[in-house]
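Colleague: Starting off with a structure, shown below.
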Amino acid sequence: MKNIFIFLFAIAILAACENSDNKSAGAALQAFDACSCATVKDQNSEDFKKCKGLRDADTQFESSYQKCLLAQASGSDTNKVKLVSPSNIKRAEIGGYNFQPATAKIKWRGQKITGKKHEGSIALKSGYIQIEGENIKGGEIILDMTTIANTDLEGESKMKLETHLKSDDFFAVDKHKEAKFVIKSATPKNTVLYDVVGDLTIKGITKEVSTSIVVTPNGTVGVNMGGSIIFDRALFDVRYGSDKFFENLGNDLIKNEIVISFDIKALK
């Protein structure tokens with residue numbers, strides 16, 4: 001298999017999107033090496049906090065951690081993953097940028113305990129990002145939840161799942177037509193990668209979440225923004241098939257972690 005060449009800034013998108021089915025709330029880690037830490041997705045767990053400390057304190061550990069994330073996401077051997085530093089990539093120009101809904105790609109993914117996955121799309125309604133100096137000073141993504149669609153099924157099965165997702169069992173879109181993510185703070189990791197803290201609102205419930213996003217220049221008047229948000233649906237009263245609300249679900253249990261990934265273009 002060929003080596004995988006990828007800019008370090010792109011790893012946040014791929015890894016967060018593809019690894020939601022790894023360890024989130026299982027048994028505690030026995031070893032705190034980079035690849036073990038890469039399986040931890042529960043940002044409130046003690047394991048995640050300890051791994052985050054190791055990553056922040058040791059750049060070599062952080063590099064190994066990112067390689068493990070990418071290897072897990074792509075199904076490749078960690079030794080065959082090569083990271084390319086983004087040091088030569090320019091930072092986005094200072095200014096405010098409005099997102100372009102027509103070209104935005106917003107995807108979601110969920111998974112049952114059996115490993116069966118479903119994925120789909122959601123339309124971007126509006127949003128913006130504000131760049132000041134070397135940091136992000138604000139921004140928001142507003143999603144039109146009435147457009148939530150499935151992309152891995154066809155015909156009646158597809159229609160049935162989409163109807164169910166829009167119902168009160170899941171996102172109750174008749175009552176809550178929008179979902180929103182508002183950036184509260186950002187910490188630059190390099191010229192294009194930022195650790196972000198923001199408020200996620202779903203079904204009228206707002207919770208703070210952390211993630212990483214990438215912002216790169218696109219011509220002279222635009223930027224591209226990409227990333228993924230992994231959230232616990234139970235915190236937003238999305239109850240169907242959740243072991244936090246129901247017992248003895250067996251193979252009908254649906255994991256609480258949902259991934260929303262985004263690839264958005266914006267213009268000044």
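Colleague: Quick check on the range 223-235. Is at least one of its residues farther than 30 Å from Lys90 by Cα, surrounded by fewer than 17 Cβ atoms within 10 Å (Cβ to Cβ) and out of contact with any His (no Cβ under 7 Å at 6 or more places or on another chain)?
Modeller: Yes, the conditions are met somewhere in the range 223-235.
Colleague: One residue is enough: does the range 146-163 have a residue meeting the conditions hydroxyl-bearing (Ser, Thr, Tyr), exposed (fewer than 13 other Cβ atoms within 10 Å of the Cβ), farther than 18 Å from Asp232 by Cα and without any contact (Cβ under 8 Å) to a residue 12 or more places away in the chain?
Modeller: Yes, that holds for at least one residue.
Colleague: Considering the range 243-268 alone, what residues qualify as being outside any loop (DSSP other than H, G, I, E, B), among the polar types (S, T, N, Q) and crowded, with 19+ Cβ neighbours inside 10 Å? Give the steps one after another, and end with the answer.
Modeller: Of the range 243-268, the ones outside any loop (DSSP other than H, G, I, E, B) are 250-252, 254, 257-267.
Remaining after also requiring among the polar types (S, T, N, Q): 251, 261.
Selection gives Ser261 alone.
Colleague: Looking at the range 145-180 only, could you name the residues that are within 19 Å of the chain's Cα centre (by Cα) and over 13 Å from Trp108 (Cβ atoms)?
Modeller: Glu178, Lys180
Colleague: Let me confirm something: among Ala25, Ala10, Ala34, which residue is surrounded by 14 or more Cβ atoms within 10 Å (Cβ to Cβ), touching a Ser or Thr at 6+ places or on another chain (Cβ under 8 Å) and at pLDDT below 60? Give the steps one after another, and end with the answer.
Modeller: Working: Ala10 fails: touching a Ser or Thr at 6+ places or on another chain (Cβ under 8 Å); Ala34 fails: at pLDDT below 60.
Checking each option against the conditions leaves just Ala25.
Colleague: Just to be sure I understand, how many residues within the range 197-222 are surrounded by 20 or more Cβ atoms within 10 Å (Cβ to Cβ) and under 18 Å from Ile258 (Cβ atoms)?
Modeller: 6
Colleague: Next up: Only residues that are modelled with pLDDT under 95 and aliphatic (A, V, I, L, M): list them for the range 237-253, please.
Modeller: Hits for the range 237-253 are Leu249, Leu253.
Colleague: Being among the β-branched types (Val, Ile, Thr) and over 15 Å from Ser228 (Cα atoms) is the filter; apply it to the range 177-191 and report the residue that is surrounded by the most Cβ atoms within 10 Å (Cβ to Cβ). Show your work before the answer.
Modeller: Just the residues of the range 177-191 that are among the β-branched types (Val, Ile, Thr), to begin with: 182-183, 187, 191.
Subset that is over 15 Å from Ser228 (Cα atoms): 187, 191.
Working: Thr187: 12, Thr191: 18.
Of everything passing the filter in the range 177-191, Thr191 is surrounded by the most Cβ atoms within 10 Å (Cβ to Cβ).
The values are calculated or read from the model by the stated rules, or taken from the named source; none is laboratory data. Since this is a predicted model, take the numbers as computed values, not measurements. No Cβ is skipped: glycine too gets one built from the backbone with ideal geometry, and neighbour counts run over all protein chains shown.
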